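*Asks:* Starting off with a structure, shown below.
Each reported figure results from applying straightforward, stated rules to the coordinates on display, with no laboratory input. Because the structure is a prediction, the values reported are computed rather than measured. Every residue, glycine among them, receives a Cβ derived from its backbone with ideal geometry; neighbour counts consider all protein chains shown.
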Amino acid sequence: MAPVLALVGATGAVGGVMIDIMNNRPAFPWGEVRLIASARSAGKKMTVRGQELTVVEISPEAFDGVDVAMFDVPDEISARWAPIAAERGAVAVDNSGAFRMDADVPLVVPEVNLDKVAERPRGIISNPNCTTLSMMAAVGALHRKFQLTELVVASYQAASGAGQGGIDRLYAELEAVAGKHVGNRAGDVAEALEAAGLPAADSPFPAPLAMNVVPWAGSLKEDGWASEELKVRNEARKIMGIPDLKVSATCVRVPVVTTHSLAVHATFANPVTVAQAHEVFDAQPSVVLVDDPANLKFPTPADVVGGDPTYVGRVRQALDFPNTLDFFVCGDNLRKGAALNTYEIAEALIG
Ligand code: 2RA
């Protein structure tokens, strides 16, 4: 019998992208798709591969008969329900932060460590955070060939990383400043937002995002680190299986709706040239190389949003650091950064 797939969090921002991905896969190996959400969204109708489905309320029974349950819900909902789904016989593929660093839960990027899906004593597999994921296909491919030893990254993260509230806030802020000559005096963007009925206290971001960049994502951790920066470090180590990898990240929110970018400075045990890196990227099916500086060709979020691959450009050999490359990566944070990677894991489980 064809396997049963559940999507928990079907009505959220990532859930919507997940349904789009399911609707557009060339082949669809699932017999039944079950859409699951909170009581508030239960009863809603959504179309998956031409079939109108009714969203059902989350309950233990909702997982009966399910082979793979994909979770796109907040940490506390996953923490409670993914183990219940597993108890009911499903493999839970979870996109929250609830299990990523659990030693009994593999953290999987199919291009890098698909073999780990088999090691799941809790019946749960984790999907990495979108910032880590946005560079992993590219960095993982280089690591396989040249052996990564150090990683320094700065992120340029889109508003949609903060969910639908982040998207709504950015649009509202852009509307509020459109046509206004602000941004030349300290505080005038915030004043314009306040005057337009957008107080700072209502924002998911700690500073105006329109006409600005905000060096903060996530919550405060020890010694001034933001949780997002520690996720990049810890998750990159776990995915590539390099527990002592030296990593330093600075995470920055930019006024882009969707697609995270990262400036990556990667050092390897072995020498690596730009031409060799190009070969590695060209050989990785999920990476698209756009690197023609003479003609100002490089990836930008506005060019790649909505696409599945990881886009790489600006590949340079670092002038003052041996065995080191600098490059720029863009990846749609809602697709490969979230929904697509989760779905790829789900498909691999039944493949
Ligand atoms: C962000 N990476 O961009 C987070 C979302 N998971 O805020």
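*Asks:* To the nearest 0.05, what FRET efficiency results for ASP320 and THR54 with a Förster distance of 51 Å applied to their C-beta separation?
*Replies:* Once rounded, the FRET efficiency stands at 0.25.
*Asks:* Can you compute the modelled spin-label distance between GLU150 and ASP244, with each label point 7 Å from Cα toward Cβ, in nm?
*Replies:* With each label point 7 Å from Cα toward Cβ, the separation is 1.5 nm.
*Asks:* While we're looking at this one, here's another question. Based on the mean of other beta carbon atoms within 10 Å per residue, what is the order of 205-218, 268-281, most packed first?
*Replies:* Per-residue Cβ counts within 10 Å, averaged per peptide and sorted highest first, yield 205-218, 268-281.
*Asks:* Helix-derived [θ] at 222 nm for the chain: sum -39500 (n - 2.57) over DSSP H runs of at least 4, divide by residue count, nearest 500? List each step's numbers first, then the result.
*Replies:* On the way: 10 runs with 108 residues, N = 351.
Helices in the chain give a 222 nm mean residue ellipticity of -9500 deg cm²/dmol.
*Asks:* Kindly rank 63-72, 283-292, 178-187, 221-230 from highest to lowest mean number of other beta carbons found within 10 Å of each residue. Write out the running numbers ahead of the final one.
*Replies:* Numbers: 63-72: 22.9, 283-292: 16.5, 178-187: 10.3, 221-230: 14.4.
Highest to lowest by the protection proxy: 63-72, 283-292, 221-230, 178-187.
*Asks:* Hey, another quick one. Looking at the chain, what % of its DSSP beta bridges pair antiparallel, to the nearest 5?
*Replies:* 50
*Asks:* Something else: How many lysine pairs in the chain, separated by 8 or more positions in sequence or lying on different chains, have Cα atoms less than 24 Å apart?
*Replies:* Summing the qualifying lysine pairs gives 16.
*Asks:* With the cut-off at 1.5 for a/c, could you classify the stretch 208-346 from its C-alpha gyration tensor as rounded, prolate or oblate?
*Replies:* Rounded, because the longest to shortest axis ratio a/c is under 1.5.
*Asks:* For the chain, I need the span (max minus min coordinate) of the C-alpha atoms along each principal axis, in Å, sorted largest to smallest.
*Replies:* So the extents along the principal axes, rounded to whole Å, are 57, 56, 41.
*Asks:* Just need the relative contact order of the chain here, percent rounded to a whole number, with Cα pairs under 8 Å and 6+ apart.
*Replies:* This gives 18 percent for the chain.
*Asks:* State the antiparallel share, in %, of DSSP beta bridges confined to the stretch 1-54, rounding to the nearest 5.
*Replies:* Antiparallel bridges make up about 45 percent of those DSSP assigns within the stretch 1-54.
*Asks:* So, one more: Taking the Cα centre of the chain as the origin and placing charges on Cβ (Lys, Arg +1; Asp, Glu -1), which of MET70, ILE19, THR310 is farthest toward the positive end of the dipole?
*Replies:* Towards the positive end, the residue furthest out is THR310.
*Asks:* Starting from 0.36 nm per residue, how many nanometres of slack lie between MET1 and LYS180 once their C-alpha separation is accounted for? Could you put the intermediate results ahead of the total?
*Replies:* Numbers: separation 179, 0.36 × 179 = 64.44 nm, distance 6.04 nm.
Once the chain is fully extended between MET1 and LYS180, it gains 58.4 nm.
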